[in-house]
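I have placed the structure first, in the form of structure tokens, so that the comments after it can refer back to it.
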Amino acid sequence: MRSREAVEERTIYGFTENLNNRGENAMNLHQSIKKFLTSIKITLNNFKFISLVIFKTSPFYFFTLTLTTIIEALLPIFRIYIIKEIMNAIMEGIVNGDADYYKLIFWIVLEVLVEILYRTSSSLNMFTSSVASSIISKKMNNIIINKALQLDLCFFDTGDYYKKLHEAFTAVSGNWEGLIYMPFYFISSIIKIFALCGILITYRTWILLFVLIGAIPNSIFDIKSRKERHKLNTNQLPSVRKTNYLGNLLTGQYAAKEIRMFGLGTFFLDKFNDLFDKRVNEQKATLKKIYIKRVFSNLFSILAIAIPQVFVGIQAIGQVITVGEYQYYLNSMNSLSREISSLSQSLSNTYKQQMLNMLLSEFLKITPKINLCQGKDFICEEPPKIEFENVYFTYHGSKEYAIYNMSFVINPYEKIALTGLNGAGKTTIIKLLTRLYIPDKGRILINGENIDKYSAVSLYKYFGGVFQDSCKYAFTAGENISISDISRVKDVDSIKDAAKDARAHDVICKLKDKYDTYLTKQYENEGISDLSGGEWQRIFLARGLFKKAKVMVLDEPTASLDPEAESMIFKNFISMTQHCTAILVTHRLSSVRMVDKIFYIQKGELLECGSHDNLMKLNGCYARLFNMQSEGYTTYGGRKDDEINE
């Protein structure tokens, strides 16, 4: 992959690789002009892109923006002419002593009308840009979100893919009003420049050449300074990321307890300030060079215009032209110089629009490994039979198998426990059998058919459960439970039944608005600060039970529960899952004795399989681990108060 700097430099300047590698000192006039023309080409491409988006979203807004842009471009030129006529009318009155007041009033009234029309058009343009920006932002965000929803889980395991998602989302969440404004501003500037050139060329061609030559240094400078700014911003990205991270640590809830307990506030703040000071010093050094160069380029432009101004002034004194014409040509020269300078600055910023196009294009080209809707619908009335046949799987970027030659059978209604040390592959098995991942080799069968024959969307309806990284949604307590089956989101009785089975009902009833209480304040200010880890664990378990799935996956469902609550959950485990196949992933071996089969996983391989009694007789890895945990149990009054976990 190219670095972001290389991509953006190529986007801004359109250089070939060998030109990119040349030093700045080798840049000559021909290369600068080539960059300028390339920037124009990029702007035209961006204008086409933005125009198509606006036109498809709302033809009315597109034509309104186009019309107001043309009006805003032509009226200032017309106003220069009106000022000329006003000046002439005034001077005629002064020189001749016989003023034509009707003529003067006519031109003044016309100027007022032009100003009213200009401001009205400008306001309408701003209003249309703002509304179009909101509409387009919503549309583009929907495109990104819908694309993200189509991507399978492995997308989020890959840093490069996740980076594209983040950048695309950032791009479409940016300043669309500015992006809409830029191409229309470009068209407006082109109209003004041609009109002003037409005025000067009818008077003296060499004056036009002087103005254009005077504008060249500023144009070159704008392009070069953009490159320097871009390099500075790119080089400072790691520092920005670090200061953002430290700022979030210092101000957020995540690390608040440890920062206070360990006295880390000053330590982290010093790191934050050191990074920030370094960035400020780098910015000062770069900006100092840029602004010194800008002073000299501006000086050249002013001097280049000064010569024609002297000539026009002499002609006015010699009465070759009128005072009004003097003002007319002077304003035309200054306006043309400013317009060229503004246009070159806007062209130097075209990489922002080009990056938007590129980031969106790269993200939208991503093809998911699992097409969620491809395949026939899976339909079954009873829990399905699940089989792994010589399944292999590796994570992206890893050379080692996470699952190696895995084979087993899970029959309908069976209660299965997956055990083993951390990193053994237990959760990976769950992701494979729920078709969140596809195996590298081997087959996963569901009711005797290869799982890839069925659409993932239809399969997901039959799986439910609790995962290690279950989401804490900032919605109501009731919604946090019913979100596992949104078709029954208003089934209050079922929500309460699931909460009772998960021992979450009493916790929820203590909240201010009970099941209507918002959990956390991220979504609703009236929400509570947060629940404890154990209380959230009960919510997660209730969520899994609410779905009434045919296959229930419980991945460490009691990890944050106290021993009493955990004991009650496991005592009711069989009754809670009697309607389905249940797969329990846990380290707590004392809690798996009631299941039908135990799969002991080690380094991605199924090492041992059988009931608790059979595996204890086998006296293998499972028995060794079970005995190790049993030695750590201390019983008071028949109740387990502590347990050592691997």
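The values are calculated or read from the model by the stated rules, or taken from the named source; none is laboratory data. Everything numeric in this text was worked out from a predicted model, so none of it was measured. Neighbour counts are summed over all protein chains in view; Cβ atoms, including those assigned to glycine, are modelled from backbone coordinates with ideal geometry. Side chains are part of the model used for accessible areas, which takes the heavy atoms of the whole protein and leaves out ligands, DNA and RNA. Shrake-Rupley method; radii C 1.70, N 1.55, O 1.52, S 1.80 Å.
When each of Phe210, Phe221 is tested for being assigned to a helix (DSSP H, G or I) and closer than 15 Å to Leu336 by Cα, the lone residue that passes is Phe210. In the range 450-460, the count of residues that are of a type in the set (S, T, N, Q), in a loop (DSSP other than H, G, I, E, B), out of contact with any His (no Cβ under 6 Å at 6 or more places or on another chain) and buried (at least 16 other Cβ atoms within 10 Å of the Cβ) is one or more.
Among the residues of the range 49-67, some residue qualifies, meaning at least one is open to solvent by less than 30 Å² (accessible area, probe 1.4 Å), touching a residue at least 12 places away in the same chain (Cβ under 8 Å) and not in a helix (DSSP H, G or I).
If you go through the range 424-440 and keep only what is farther than 21 Å from Cys621 by Cα, in a loop (DSSP other than H, G, I, E, B) and not charged (D, E, K, R), you end up with Thr434, Leu436, Tyr437, Ile438, Pro439. There is no residue in the range 197-204 that is assigned to a helix (DSSP H, G or I), under 28 Å from Phe276 (Cα atoms) and free of Cβ contacts under 8 Å to residues at least 12 places away in the same chain. Applying the criterion of being of a type in the set (Val, Ile, Thr) and open to solvent by less than 70 Å² (accessible area, probe 1.4 Å) to the residues of the range 72-107, the residue that is farthest from Phe186 (Cα to Cα) is Ile86. Scanning the range 291-339 for residues that are open to solvent by 30 Å² or more (accessible area, probe 1.4 Å) and either of a type in the set (D, E, K, R) or farther than 30 Å from Asn88 by Cβ (or both) turns up Tyr291, Ile292, Lys293, Arg294, Val295, Phe296, Asn298, Leu299, Phe300, Glu325, Arg338. Remark: Lys514 matches the filter, which requires a residue to be open to solvent by 30 Å² or more (accessible area, probe 1.4 Å), out of contact with any strand residue (DSSP E or B) (no Cβ under 9 Å at 6 or more places or on another chain), in contact (Cβ under 8 Å) with a residue 24 or more places away in the chain and basic (Lys, Arg). Asn525 passes every criterion in (1) in a loop (DSSP other than H, G, I, E, B); (2) under 24 Å from Lys431 (Cα atoms); (3) modelled with pLDDT under 75 apart from (2). Each residue in the range 70-97 was checked for being without any contact (Cβ under 8 Å) to a residue 40 or more places away in the chain and more than 21 Å from Ile317 (Cα to Cα), and 3 pass. With respect to being modelled with pLDDT of 70 or more and either among the hydroxyl-bearing types (Ser, Thr, Tyr) or touching a Lys or Arg at 6+ places or on another chain (Cβ under 6 Å) (or both), Ser173 falls outside the description.
What number of residues in the range 367-383 are surrounded by 16 or more Cβ atoms within 10 Å (Cβ to Cβ) and either in contact with a Ser or Thr (Cβ under 9 Å, 6 or more places away or on another chain) or over 16 Å from Ile438 (Cβ atoms) (or both)? Number of matching residues: 4.
For the subset of the range 470-488 comprising residues that are open to solvent by less than 60 Å² (accessible area, probe 1.4 Å) and either part of a helix (DSSP H, G or I) or free of Cβ contacts under 8 Å to residues at least 40 places away in the same chain (or both), which member is nearest to Leu531 (Cα to Cα)?
From the range 470-488, those open to solvent by less than 60 Å² (accessible area, probe 1.4 Å) are 470, 474, 476-478, 480-485, 488; that's our starting set.
Cutting the leftovers down to either part of a helix (DSSP H, G or I) or free of Cβ contacts under 8 Å to residues at least 40 places away in the same chain (or both) gives us 477-478, 480-482, 488.
Details: Ala477: 11, Gly478: 14, Asn480: 12, Ile481: 14, Ser482: 18, Arg488: 24 Å.
That would be Ala477.
State all residues of the range 383-407 that are in contact with a helix residue (DSSP H, G or I) (Cβ under 9 Å, 6 or more places away or on another chain) and more than 15 Å from Val551 (Cα to Cα); if no residue qualifies, say none.
Let us first name the residues in the range 383-407 that are in contact with a helix residue (DSSP H, G or I) (Cβ under 9 Å, 6 or more places away or on another chain), namely 386, 388, 391, 393, 395-397, 402-403, 406.
Residues satisfying the conditions are Phe388, Val391, Phe393, Tyr395, His396, Gly397, Ala402, Ile403, Met406.
Of all the numbered requirements in (1) of a type outside the set (Ser, Thr, Tyr); (2) over 30 Å from Met628 (Cα atoms); (3) in contact (Cβ under 8 Å) with a residue 40 or more places away in the chain; (4) in a loop (DSSP other than H, G, I, E, B), Glu381 misses one, and that requirement is (3). The residue list Gly318, Gly313 contains one member that is small (Gly, Ala, Ser), free of Cβ contacts under 8 Å to residues at least 12 places away in the same chain and out of contact with any Lys or Arg (no Cβ under 6 Å at 6 or more places or on another chain), which is Gly318.
Step by step: first the residues of the range 274-290, then only those that are among the hydrophobic types (A, V, I, L, M, F, W, C) and under 19 Å from Tyr245 (Cβ atoms), then the one that is most open to solvent (accessible area, probe 1.4 Å). Which residue is that? Selected residue: Phe276. Would you call Ile486 under 29 Å from Thr586 (Cβ atoms) and touching a helix residue (DSSP H, G or I) at 6+ places or on another chain (Cβ under 8 Å)? Considered against the rule, which asks whether it is under 29 Å from Thr586 (Cβ atoms) and touching a helix residue (DSSP H, G or I) at 6+ places or on another chain (Cβ under 8 Å), Ile486 comes out as no.
Counting just the residues of the range 498-522 that are among the hydrophobic types (A, V, I, L, M, F, W, C) and either in a strand (DSSP E or B) or modelled with pLDDT under 85 (or both), which one comes out farthest from Ser575 (Cα to Cα)?
So the first thing to find is which residues in the range 498-522 are among the hydrophobic types (A, V, I, L, M, F, W, C), and the list is 498-499, 502, 504, 507-509, 511, 519.
Of the ones still in play, those that are also either in a strand (DSSP E or B) or modelled with pLDDT under 85 (or both) are 502, 519.
Numbers: Ala502: 12, Leu519: 29 Å.
Across the range 498-522, the extreme among qualifying residues is Leu519.
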